[in-house]
Amino acid sequence: MEKLISEFSVGLFFWQTLLFLTLLFLLRKYAWKPTLNAVNERERSIDDALNQAEKARNEMKNLKDSNNALMNEAREERDQLMKEARTMKNEIINEAKNKAKEEAEKVLTSAREEIQNEKNKAIEELKNQVADFSFEIAEKVIGQKLNDADKQSDSVKSALNEINFN
Amino acid sequence: MYSCTRILIPYYLRKMRDKVCYILILMIIVLLPEFLQASEVNENAEASVSLRDEIKQDILHHLQDVHDFHLFTDEVSGTHISFPLPIILLDQGVQVFLSSAFHHGESAAESNGKYYVLHHNHIYRTDADGKLNYDEDHHVTNIAPLDFSITKNVFSVILLSILIFLMFKSLGDGYKKGLVARGMGKFLEPLVIFVRDDIAIPNIGKQHYQKYMSYLLTVFVFIWFINLAGLTPLGINVTGNIAVTFALAIMTFLITQITAKSYYWKHIFWMPGVPFPMKIILAPIELLGVFIKPFALMIRLYANISAGHIVLMSLIGLLFLFENWFARGAFFGLALALSVIELLVAFLQAYIFTMLTALYFGSAAASHDDH
């Protein structure tokens, strides 16, 4: 201990304190502050970047999910539309078919009626002509004018009516 | 015979035998001159005693602070290769002159009509003849003026402070271009981060560590670099000086006490959580601890560095003391190994000093809500 005290130099203590404090303040201003600020800033920015990346990744994932959902929805809608179109097409075709059938039926019916009418008319006419012919023939054959011609023709006509051409 | 044994002895044994052979040959080479020189050793006994004293003097001299920067001495011509340093004395005004005026303690130096003599690294005021007076115990009775000289240690501190400042300023300047360290800063930045993450934050806590960072970093870097400089052949021994470690320890002590909060004082004078009589017993012990802690810091650094220098110099001294090459080789190896250990000690002591300083700061900065 005595040796330590005798070794103690006031001058060295003074200079050491002075120089150390000078070094401390100089380093604080020119080295420690910029270094620690930069290191802290860098760590913060790394943290931020990592967080941002994480956020971006999550966002991407969400976007992808929503994209998928949208796609599925669209696909479903398309399927739905297709299905609807298909049924509609079938309906239209069926309807058209039915309508056509009906129309055809109608045309047929009307044609048939027309034919019938024409036939009837023709028969009527034929009947009349036949009556006239037969009357004339009979007149010629008999050679005499039948009396009461109208009465005769009426009887022929009624006879003819009894004949059914069908 | 070699080829014969080659067949008979399995490979691993052969390898071992080869090793033994090498060692034997080595021992013969080393020890042969020893046998030849055996007769000479006795004649040299007297010379080696003086050499031993010389080495002892060299070691003791190295541990002390001196007034010139001594590089080496040419024993043959007796010339010292050194450069002088300024002497600053407070003796009825400031006396400034160069240490070369002492002529290595051989004559008195004159300054403003006063005469001074350098005796065992202390400066005394004398008459013009440079005569020293002694008392019965062989102590010098001349007046010793207050010595504020730029001694070898002060000079070393100035040089290393400039070096440290320039190095770490380049680190700080590097951040002007971006957030990444540039050049030498790439090596220095991890030191700063080491002090922050492994010394300051674990011991002081994230809340309070920032205001102590400048001191912790400076203390760490200063002690480490000064310790490393002590391992160069320049023979600098700054941290093995009690005044230097005292200056460092007293700063730690003062900062601890100044920044201490009521919680710290409460733990010293009125320890919470212990029974009443224990509070009274603990108070003086804790108060003593306040002073013992920095005292231990001072002694630890001083003793470790001094001891390292003494042992290393002794081993190197032994190299010259032994005439035999085997011993020289062994001491060379030992000195080399110790130098490597001293490199570790240089770092370790800087780390321990800074770590304990941070620990004391941590106890000073702690407040009740930290727990």
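The values are calculated or read from the model by the stated rules, or taken from the named source; none is laboratory data. Bear in mind the structure is a predicted one, so any value in this text is a computation, not a measurement. Reconstructed Cβ throughout: ideal geometry from the backbone, glycine too, with neighbour counts over all protein chains shown. Heavy atoms of the whole protein, side chains included, go into the accessibility calculation; ligands, DNA and RNA do not. Shrake-Rupley method; radii C 1.70, N 1.55, O 1.52, S 1.80 Å.
Being more than 10 Å from every other protein chain (Cβ to nearest Cβ) and either in contact with a strand residue (DSSP E or B) (Cβ under 9 Å, 6 or more places away or on another chain) or open to solvent by less than 50 Å² (accessible area, probe 1.4 Å) (or both) is the requirement here; does B:I164 meet it?
Working: more than 10 Å from every other protein chain (Cβ to nearest Cβ): no; either in contact with a strand residue (DSSP E or B) (Cβ under 9 Å, 6 or more places away or on another chain) or open to solvent by less than 50 Å² (accessible area, probe 1.4 Å) (or both): yes.
Against the criterion (more than 10 Å from every other protein chain (Cβ to nearest Cβ) and either in contact with a strand residue (DSSP E or B) (Cβ under 9 Å, 6 or more places away or on another chain) or open to solvent by less than 50 Å² (accessible area, probe 1.4 Å) (or both)), B:I164 does not qualify.
Would it be correct to say that B:I280 is within 14 Å of another protein chain (Cβ to nearest Cβ), on the phi < 0 side of the Ramachandran plot and open to solvent by 20 Å² or more (accessible area, probe 1.4 Å)? Even if it seems obvious, please write down each step before you answer.
Values: within 14 Å of another protein chain (Cβ to nearest Cβ): no; on the phi < 0 side of the Ramachandran plot: yes; open to solvent by 20 Å² or more (accessible area, probe 1.4 Å): yes.
Against the criterion (within 14 Å of another protein chain (Cβ to nearest Cβ), on the phi < 0 side of the Ramachandran plot and open to solvent by 20 Å² or more (accessible area, probe 1.4 Å)), B:I280 does not qualify.
Considering every residue within the stretch A:49-62, establish whether at least one is within 13 Å of chain B (Cβ to nearest Cβ), within 30 Å of B:F222 (Cβ to Cβ) and out of contact with any helix residue (DSSP H, G or I) (no Cβ under 8 Å at 6 or more places or on another chain).
No, every residue in the stretch A:49-62 fails to be within 13 Å of chain B (Cβ to nearest Cβ), within 30 Å of B:F222 (Cβ to Cβ) and out of contact with any helix residue (DSSP H, G or I) (no Cβ under 8 Å at 6 or more places or on another chain).
Restricting the search to the stretch B:109-134, which residues are hydrophobic (A, V, I, L, M, F, W, C) and touching a strand residue (DSSP E or B) at 6+ places or on another chain (Cβ under 6 Å)? It would help to see each step written out before you state the result.
Of the residues in the stretch B:109-134, the ones hydrophobic (A, V, I, L, M, F, W, C) are B:109, B:117-118, B:123, B:128, B:132.
Correct list: B:A109, B:V117, B:I123, B:A128, B:L132.
Just need a number here: residues in the stretch B:216-229 that are open to solvent by 10 Å² or more (accessible area, probe 1.4 Å) and within 11 Å of chain A (Cβ to nearest Cβ).
We begin by selecting, within the stretch B:216-229, every residue open to solvent by 10 Å² or more (accessible area, probe 1.4 Å); these are B:224-225, B:228-229.
Filter once more, so that each one left must be within 11 Å of chain A (Cβ to nearest Cβ): B:225.
Adding up the residues that qualify gives 1.
Scan (1) loosely packed, with under 11 Cβ neighbours inside 10 Å; (2) at pLDDT 70 or above; (3) over 27 Å from B:L315 (Cβ atoms) for the single condition B:L85 breaks and write down its number.
(1)
Restricting to the stretch A:10-29, and then to whatever is over 16 Å from B:V219 (Cα atoms) and either touching a residue at least 24 places away in the same chain (Cβ under 8 Å) or out of contact with any strand residue (DSSP E or B) (no Cβ under 7 Å at 6 or more places or on another chain) (or both), can you tell me which residue is nearest to the other protein chains (Cβ to nearest Cβ)?
It comes out as A:L12.
So, in the stretch B:230-250, of the ones that are part of a loop (DSSP other than H, G, I, E, B) and among the small types (G, A, S), which residue ends up nearest to the other protein chains (Cβ to nearest Cβ)?
Taking the stretch B:230-250 first, the residues part of a loop (DSSP other than H, G, I, E, B) are B:230-241.
With the extra rule that they be among the small types (G, A, S), the set shrinks to B:230, B:235, B:240.
Values: B:G230: 15, B:G235: 16, B:G240: 10 Å.
Of everything passing the filter in the stretch B:230-250, B:G240 is nearest to the other protein chains (Cβ to nearest Cβ).
Pairs please, first residue from the stretch B:132-158 and more than 7 Å from every other protein chain (Cβ to nearest Cβ), second anywhere and surrounded by 11 or more Cβ atoms within 10 Å (Cβ to Cβ) and part of a helix (DSSP H, G or I), Cβ atoms under 7 Å, 6+ apart in sequence or on different chains.
Every condition considered, the pairs that remain are B:S156/B:A229.
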